[in-house]
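Undergrad: Okay, handing you the structure first.
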Amino acid sequence: MTTKKPRPDRFEEAMEAAITTGRRLMRGARHSEDTCDTSHGLLAGAIEHWLAAHQPCGHADCGACKRYDTPEKRLAELIKLVDRFGRASQDLHAERDVKAASGPSTVQ
């Protein structure tokens, strides 16, 4: 495993491919359950791919793998990324979100 930062063009290319695939799979969906099943499947596939791509190399002294050398560390990093990408998404907030009577939402 390397410590190189991801190339922005590769990141954008992969993200656009996932969005395009999701839209293609949802064409003709009649129910919200269909769109949820599709998005859950895409997410499960993305998680599977991410976990496979972040397996440690097996060398105990590899500094690049230290962040991902246990299942717990990989899952913690994955959760951080989901939170970061979710909060950055323009689709996080929806017009039909329930407004809590007790005050403003804590999600920004």
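Undergrad: Trypsin sites (Lys or Arg not before Pro) within region 50-103: which are DSSP loop residues with at most 16 other Cβ atoms inside 10 Å?
TA: On the way: sites: 66, 67, 73, 74, 80, 84, 87, 96, 99; in loops: 96, 99.
Those satisfying the criteria are 96, 99.
Undergrad: Also: Can you pull a Stokes-Einstein diffusion coefficient for region 7-53 at 10 °C (1.306 mPa s), Rh from Kirkwood over Cα pairs, as a whole number of µm²/s? Mind dumping the intermediate values first?
TA: Numbers: Rh = 11.6 Å.
Rounded, D is 137 µm²/s.
Undergrad: What ranking of 32, 39 emerges when the number of other C-beta atoms within 10 Å of each C-beta is taken as an exposure proxy, fewest first?
TA: Going from least to most buried by this count: 32, 39.
Undergrad: Determine ³J(HN,Hα), in whole Hz, for all residues of region 61-73 in sequence, where each value follows from phi through the Karplus function 6.51 cos²θ - 1.76 cosθ + 1.60 and θ = phi - 60°; x replaces Gly and Pro.
TA: 9, 6, x, 5, 8, 4, 5, 10, 7, 9, x, 5, 5
Undergrad: Over all distinct Cα pairs, what is the inverse of the mean 1/r for the chain, reported as the Kirkwood hydrodynamic radius in Å? Let's see the in-between values first.
TA: On the way: mean 1/r = 0.0596 Å⁻¹.
It works out to 16.8 Å.
Undergrad: Given a cut-off of under 8 Å on Cα pairs at least six residues apart, what relative contact order in percent is computed for the chain?
TA: In percent, rounded to a whole number, it is 21.
Each value in this text was obtained by applying a stated rule to the coordinates, not by laboratory testing. None of the values given here were measured: they were computed from a predicted structure. Because the Cβ atoms are built from the backbone with ideal geometry, glycine has one as well, and the counts that use them run over all protein chains shown.
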